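Enquirer: So that we are looking at the same thing, I have put the structure below in structure tokens.
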Amino acid sequence: MKRASLALLACPVCHAGLTMQADQVDPVEKGNLHCLTCQKDYPVLLGIPHFIQSAELSGFNRRFALLYDRFSWAYQPFLAVAFAIIGITEERARREILDRLEPGGGKVLEVSIGPGGNLPFLVNRPDVGEAFGLDISLGQLRRCRSYTRRKGWPVDLFLGNAEQLPFQDGAFDSLVHMGGINFFNDKKKAIEEMIRVVRPGARILIGDENERGARGYEHTIPGFKKSFKGHRAAVTPPIDLVPPEMQEIRLFDAWKGWFYCLEFRKP
């Protein structure tokens with residue numbers, strides 16, 4: 001984590017600022033983030049601040065964090081097969097969503113960054129100043145960290161819950177979430193948090209598999225169907241959870257009808 005990023009961070013519980021208590025040997029890779037208001041501590045391990053502990057997660061958040069931890073090694077190869085089945089190139093699929101971002105040369109946050117599949121289409125854009133990523137799965141983040149280091153991309157990564165984002169109000173100029181919100185514990189809270197951490201005027205993009213895509217996952221992702229214990233609710237895009245004061249609210253199909261994208265602008 002870059003030291004300059006400390007100013008963007010906030011306690012996910014009380015939203016107060018954090019202080020860094022760094023390791024004297026390797027202050028970037030290992031240390032401790034401390035909240036002076038609620039006295040909570042968040043460790044920084046291998047350069048990744050940990051704002052959650054897996055044992056403290058519950059419901060779908062816990063199930064899917066564990067699922068993606070186990071599945072992280074095969075996630076990218078799986079996506080390559082999935083895009084081939086859909087009949088769309090990975091670049092075209094990702095650009096169909098990401099090209100709608102309007103970072104204006106500023107900071108972009110990807111919520112649920114996974115192993116970093118969107119990063120080639122973010123860090124190489126001339127209108128993206130800095131890219132940041134958060135995920136609930138440590139397994140995914142470790143793979144993303146290895147990927148960004150091989151590429152030499154200065155992308156800060158954070159282990160956290162989208163329903164309690166560890167960032168200051170208005171910290172980012174644009175935000176994207178692609179995959180995951182369908183099965184968050186509290187989708188409404190996650191959307192409210194995404195709105196909170198971007199500046200006024202920022203565009204937010206939220207995408208995930210539609211019901212057709214979710215049914216496809218039941219046949220292709222090990223453990224996906226079992227995680228619902230036979231009681232999965234049908235997927236519906238969370239457009240009704242977007243606050244009515246948001247602007248330019250739009251819902252559209254993507255990826256040849258396997259995916260939806262919800263976009264809006266913060267007033």
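The values are calculated or read from the model by the stated rules, or taken from the named source; none is laboratory data. The shown structure was predicted, so the numbers you read here are calculated from the model rather than taken from an experiment. Here Cβ is always computed from backbone atoms with ideal geometry, including for glycine, and neighbour counts include all displayed protein chains. All accessible areas refer to the heavy atoms of the entire protein, side chains included, with ligands and DNA or RNA removed. Shrake-Rupley method; radii C 1.70, N 1.55, O 1.52, S 1.80 Å.
Enquirer: Just one of (1) in contact with a Ser or Thr (Cβ under 9 Å, 6 or more places away or on another chain); (2) of a type in the set (D, E, K, R); (3) within 27 Å of residue 174 (Cα to Cα) trips up residue 110, so point out which.
Expert: Going through (1) in contact with a Ser or Thr (Cβ under 9 Å, 6 or more places away or on another chain); (2) of a type in the set (D, E, K, R); (3) within 27 Å of residue 174 (Cα to Cα) one by one, residue 110 breaks only (1).
Enquirer: Sort out for me the strands (runs of 3 or more DSSP E) sitting completely within the stretch 175-267 that have 3 or more residues that are of a type in the set (A, V, I, L, M) and at pLDDT 90 or above.
Expert: 203-209, 247-254
Enquirer: Return yes or no: is residue 82 over 21 Å from residue 138 (Cα atoms) and hydrophobic (A, V, I, L, M, F, W, C)?
Expert: Yes: the conditions hold for residue 82.
Enquirer: For the stretch 122-161, which positions are in a loop (DSSP other than H, G, I, E, B), on the phi < 0 side of the Ramachandran plot and open to solvent by 10 Å² or more (accessible area, probe 1.4 Å)?
Expert: Hits for the stretch 122-161 are 123, 124, 125, 126, 127, 128, 129, 136, 153, 154, 155.
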